[in-house]
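Have a look at the structure below, then the notes.
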Amino acid sequence: MATDTTIFSVFNQCVAACRNSVFIRRESSRDKEFHFQHWVRARLEETGLNADIFGRNTYPDFTMVNHAEGYEVKGLAYPGREANYDANSQVPSGLHNGRTIFYVFGRYPAQPDGNIYPVLDLVVCHGSFLNAVHDYVHRNRSIQGFGSYGDILIRDRNMYVAPTPFGLIDGIAHTQTLILPSDYQLPTGYKVVANLVRRETDTLIVGYTFNLKSNALVPETAPNPHAGRKHSFQALRLEDAPDTIVQMRTNLDE
């Protein structure tokens, strides 16, 4: 049961900023990626908690100094792609290098009329809601010898496309929602708006092969020893937030 955590302080600041119309401020229209990250950074600073920011291509985006926790930030233009996102540096997980990882998803206008615009809605979730595996290590590999002269290197760069809460859950639009494992101890001022369950798949992809002649990508699978295992989460909001119906989507392909 998690008690010593920064998540509630961070979520409170994010909700307050949304309600008080603290807008995103991008440097220019060419800033297509980091404006929402800057907004989240300001919320972390407002908590008074110390966080390290190492660089734009590190994972997670922010690591807490006095707590074994980190925050990965994903901004989503709306309307637009919101059901999934590209995870180019690390497969999502709730634990990385001994730190609990939380993901901050925020939607903002896809075509704002200027460089200042609101956060339309917000979901902060524990990384285990996206993926319960914690022991996978992301590594890029390469082989030398490709091409007619044998001096071209093929780089196998692992890239992932992972679901967002907006692709997994109904009822979280136009408000602020926090998703945590069910064993978290809740402070006063919070309410549970839904109990959510994710079940592990029957088979796991444990490898793949790529044929350079046919361009065929073939997965290698193995039975999941934890097939069917349930992972329980709670969708939380502040007590004065709307009581909209929140539930797992029944058809995740929609």
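The values are calculated or read from the model by the stated rules, or taken from the named source; none is laboratory data. A quick note: this is a predicted structure, and the numbers were derived from the prediction, not measured. Note: ideal-geometry Cβ built from the backbone for every residue, glycine included; neighbour counts use all protein chains shown. Surface areas here come from the heavy atoms of the whole protein model, side chains and all, with no ligands, DNA or RNA. Shrake-Rupley method; radii C 1.70, N 1.55, O 1.52, S 1.80 Å.
Things to note:
- Alpha carbon centroid spacing (whole Å) that separates region 43-90 from region 181-223: 20
- Of the trypsin sites (Lys or Arg not before Pro) in region 96-166, the ones in a loop by DSSP (not H, G, I, E or B) with at most 16 other beta carbons within 10 Å are ARG139, ARG157.
- Low-density loop cleavage sites - chymotrypsin sites (Phe, Trp or Tyr not before Pro) in region 97-138, where at most 11 other Cβ are within 10 Å (DSSP): TYR136
- P(r) of the chain over all Cα-Cα pairs, binned every 5 Å from zero, in whole percent: 1, 5, 12, 16, 18, 16, 12, 8, 6, 3, 2, 1, 0, 0
- Solvent-accessible area of region 14-166 (1.4 angstrom probe, protein heavy atoms only): carbon and sulfur portion equals 47 percent.
- Candidate aspartates and glutamates for bridging to LYS213, where Cα separation is under 15 Å - those fewer than 8 sequence places away on the same chain excluded: none
- The mean accessible area for residues of region 105-174, using a 1.4 Å probe and ignoring ligands and nucleic acids, is 55 Å² per residue.
- Taking a ≥ b ≥ c as the square roots of the eigenvalues of the alpha-carbon gyration tensor, region 162-238 is classed prolate because a/c is 1.5 or more and a/b outweighs b/c.
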